[in-house]
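Asks: Got a structure for you, written out below as C-alpha cells; questions coming shortly.
The values are calculated or read from the model by the stated rules, or taken from the named source; none is laboratory data. Not measured: the values here are computed from a predicted model. Counting neighbours? That spans all protein chains shown, and the Cβs are built from the backbone with ideal geometry, glycine included.
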Amino acid sequence: MALFCVQIFALIATLREMEICMSVKPDFAKMTTADLRAYVLAHRDDQEALHVYLDKLHAENPNPRVYQPEEDVAAAVEEYLQNKRQQ
C-alpha cells in the first residue's frame, strides 16, 4: 500500500510539472513573423500573441496601401507576386 501511495504522489508531481511546462508561453519577440502567424492560428484565443503579431506586421510595413472595394487590385497583386518571385 505504501508503494502505491508513493507512486500516486509521484504521478501527481509529474502532472503538476507538465501543467507548469504547458502554461509557459514562447518568447514572441524572438519568433519570426511566419512562426508567430502559425502560433496565432494554432492559439486563436491568445490575445497577447495576436497583438504582438499585428505589431510586428505593422513594423515591417508601416504604410500599407488600403484598397477600396471598387478598385481593381489585379495589377497590385501581380506586382506583389513578381516582387516575391525575385526575392
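Per-residue answers, yes or no, for (1) among the charged types (D, E, K, R); (2) modelled with pLDDT under 70; (3) surrounded by fewer than 10 Cβ atoms within 10 Å (Cβ to Cβ):
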site: ARG16; (1), (2), (3): yes, yes, no
site: ILE20; (1), (2), (3): no, yes, yes
site: VAL24; (1), (2), (3): no, no, yes
site: ASP27; (1), (2), (3): yes, no, yes
site: MET31; (1), (2), (3): no, no, no
site: ALA38; (1), (2), (3): no, no, no
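Asks: Looking at this structure, is ARG65 touching a residue at least 12 places away in the same chain (Cβ under 8 Å) and either in contact with a helix residue (DSSP H, G or I) (Cβ under 7 Å, 6 or more places away or on another chain) or not in a helix (DSSP H, G or I) (or both)? Before you say what the answer is, go through the steps one by one.
Replies: Numbers: touching a residue at least 12 places away in the same chain (Cβ under 8 Å): no; either in contact with a helix residue (DSSP H, G or I) (Cβ under 7 Å, 6 or more places away or on another chain) or not in a helix (DSSP H, G or I) (or both): yes.
No; evaluated as a whole, the condition is false for this residue.
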